[in-house]
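To keep things clear, I will list the structure first and then write my remarks on it.
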Amino acid sequence: MLQRRQLGMLVLLTLMWGTNWPMMKFSLRELTPLWFRALTMGGGALALALYFSWRGQSLRLPRSEWTRVLWLALPNIIGWHFFSILGLKELASGRASILGFTMPVWTVLIGVLLGMERLGPRVLLSLVAAIAAVGLLSFHELSRLAGRPLGVAWMQLAALGWAAGTVMMRRTRSTLPTEVVTVWMLVFGALFFWIAAPLAEPVPDVTRFSPAMWGSLVWGVFLNYGYAQVLWFSLARNLPPSASAFSIMAVPLVGIATATAIVGEVPHLNDWLAAACIMTAIASALIRRAPPAPVPAPAPAPAPQDRQP
């Protein structure tokens with residue numbers, strides 16, 4: 001049972017994750033995708049490093065762990081953030097969030113392929129619901145004169161990368177604290193984007209950023225990469241799996257609901273239907289039925305000499 005404080009933190013985290021999609025979309029009006037990732041991820045990694053150091057957490061990464069953490073960063077940080085920002089550039093933010101959060105479904109399917117999960121009714125329902133969500137949004141993009149079907153492909157590559165990284169994290173044995181692994185994965189990811197951005201995109205003129213744009217960057221650095229991560233660390237150790245599943249399910253709904261106010265996107269019926277499908281898929285993939293309570297064995301009959309007359 002979640003305590004009131006944990007529930008409040010979980011609601012706040014879900015609101016921040018969901019609102020981050022239209023906030024990122026807003027930033028892309030004045031900043032190119034790779035430079036956006038370089039600036040926010042680099043600033044977020046620095047903010048987290050300073051916070052954990054202030055808390056007394058050693059962030060030293062032994063040389064023997066460099067390759068392992070870099071390998072984990074490839075799908076979890078570089079793959080997810082690279083493909084998702086390209087997809088978000090092409091799609092409405094609420095739609096991108098729905099497609100991105102097909103990740104739990106692909107995680108379960110990868111587990112089936114690796115023999116970690118069984119292909120039972122729960123997995124099949126999750127797969128069918130996820131395919132329905134992707135199909136609804138893909139059809140809408142293909143049917144529009146100015147549709148962006150490539151954005152759907154980018155978001156599915158992002159979700160697959162995140163799913164593969166999640167499976168890798170589960171199968172990796174390391175004595176490093178989660179905080180250390182996360183900070184260094186962000187550092188490696190930021191280095192990738194700081195190398196890729198100047199090669200692929202013009203250097204942005206930060207003097208021309210609007211105040212709202214600066215506010216969006218502050219959100220990305222200190223709330224999305226900073227405070228949200230701290231909240232997640234404080235919850236992850238004691239959070240029931242069903243609670244994390246419901247939080248993930250709610251993120252696309254928050255993204256759709258806040259997109260109208262932040263970037264003026266009006267969701268279509270397809271978006272709400274796809275959101276319902278992806279909530280079904282995530283619930284089926286992550287929320288497992290609790291095992292039945294054991295039936296207590298009947299008490300042995302007392303011996304004849306113990307019975308009262």
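Restricting the range 54-89 to residues that are out of contact with any helix residue (DSSP H, G or I) (no Cβ under 8 Å at 6 or more places or on another chain) and not in a helix (DSSP H, G or I), which is surrounded by the fewest Cβ atoms within 10 Å (Cβ to Cβ)?
The first filter runs over the range 54-89 and keeps only residues out of contact with any helix residue (DSSP H, G or I) (no Cβ under 8 Å at 6 or more places or on another chain), leaving 54-56, 62-68.
In the following step, the residues that additionally are not in a helix (DSSP H, G or I) were identified as 55-56, 62.
Working: ARG55: 9, GLY56: 6, PRO62: 11.
Filtering first and then ranking leaves GLY56.
Within the bounds of the range 224-234, is there any residue that is of a type outside the set (A, V, I, L, M), more than 30 Å from ILE110 (Cβ to Cβ) and either more than 22 Å from the chain's Cα centre (by Cα) or at pLDDT below 80 (or both)?
no
Can you name every residue in the range 90-129 that is touching a helix residue (DSSP H, G or I) at 6+ places or on another chain (Cβ under 6 Å), assigned to a loop (DSSP other than H, G, I, E, B) and surrounded by fewer than 20 Cβ atoms within 10 Å (Cβ to Cβ)?
Selection gives GLU117, LEU119.
Inside the range 164-204, can you point out the residues that are modelled with pLDDT under 95, small (Gly, Ala, Ser) and within 18 Å of the chain's Cα centre (by Cα)?
Those that are modelled with pLDDT under 95, small (Gly, Ala, Ser) and within 18 Å of the chain's Cα centre (by Cα): ALA164, GLY165.
Let's see how each residue does on (1) modelled with pLDDT under 75; (2) hydroxyl-bearing (Ser, Thr, Tyr); (3) assigned to a helix (DSSP H, G or I):
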{"site": "SER247", "(1), (2), (3)": "yes, yes, yes"}
{"site": "PRO252", "(1), (2), (3)": "no, no, yes"}
{"site": "THR260", "(1), (2), (3)": "no, yes, yes"}
{"site": "THR280", "(1), (2), (3)": "no, yes, yes"}
{"site": "ARG288", "(1), (2), (3)": "yes, no, no"}
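Here are ALA132, ALA197, ALA153, ALA190: which of them is in contact with a Phe, Trp or Tyr (Cβ under 8 Å, 6 or more places away or on another chain) and either within 30 Å of LEU59 (Cβ to Cβ) or surrounded by fewer than 19 Cβ atoms within 10 Å (Cβ to Cβ) (or both)?
Working: ALA132 fails: in contact with a Phe, Trp or Tyr (Cβ under 8 Å, 6 or more places away or on another chain); ALA153 fails: in contact with a Phe, Trp or Tyr (Cβ under 8 Å, 6 or more places away or on another chain); ALA190 fails: in contact with a Phe, Trp or Tyr (Cβ under 8 Å, 6 or more places away or on another chain).
Answer to the selection: ALA197.
When both residues are 6+ apart or on different chains and their Cβ atoms are under 8 Å apart, which pairs have a first residue that lies in the range 28-40 and is assigned to a helix (DSSP H, G or I), and a second that is aromatic (Phe, Trp, Tyr) and modelled with pLDDT under 95?
Close Cβ pairs (under 8 Å, with a partner that is aromatic (Phe, Trp, Tyr) and modelled with pLDDT under 95) amount to THR40/TYR225.
Within the range 53-101, take every residue that is among the hydroxyl-bearing types (Ser, Thr, Tyr) and farther than 25 Å from ARG173 by Cα and give me the one that is modelled with the highest pLDDT. Give the derivation first.
Initially, the range 53-101 is screened for residues among the hydroxyl-bearing types (Ser, Thr, Tyr), giving 53, 58, 64, 67, 84, 93, 97.
Going one step further and asking which of them are farther than 25 Å from ARG173 by Cα, we end up with 84, 93, 97.
On the way: SER84: 96, SER93: 91, SER97: 88.
Top of the filtered list is SER84.
With the requirement that a residue be surrounded by fewer than 21 Cβ atoms within 10 Å (Cβ to Cβ) and among the aromatic types (Phe, Trp, Tyr), what does the range 36-53 give you? Reasoning before the result, please.
The first filter runs over the range 36-53 and keeps only residues surrounded by fewer than 21 Cβ atoms within 10 Å (Cβ to Cβ), leaving 42-43, 46-47, 49-53.
TYR51, PHE52 - these are the residues of the range 36-53 that are surrounded by fewer than 21 Cβ atoms within 10 Å (Cβ to Cβ) and among the aromatic types (Phe, Trp, Tyr).
The values are calculated or read from the model by the stated rules, or taken from the named source; none is laboratory data. Please read all numbers here as calculations on a predicted model, not as lab measurements. Don't worry about glycine lacking a Cβ; one is built from the backbone with ideal geometry, like all the others, and counts go over all protein chains shown.
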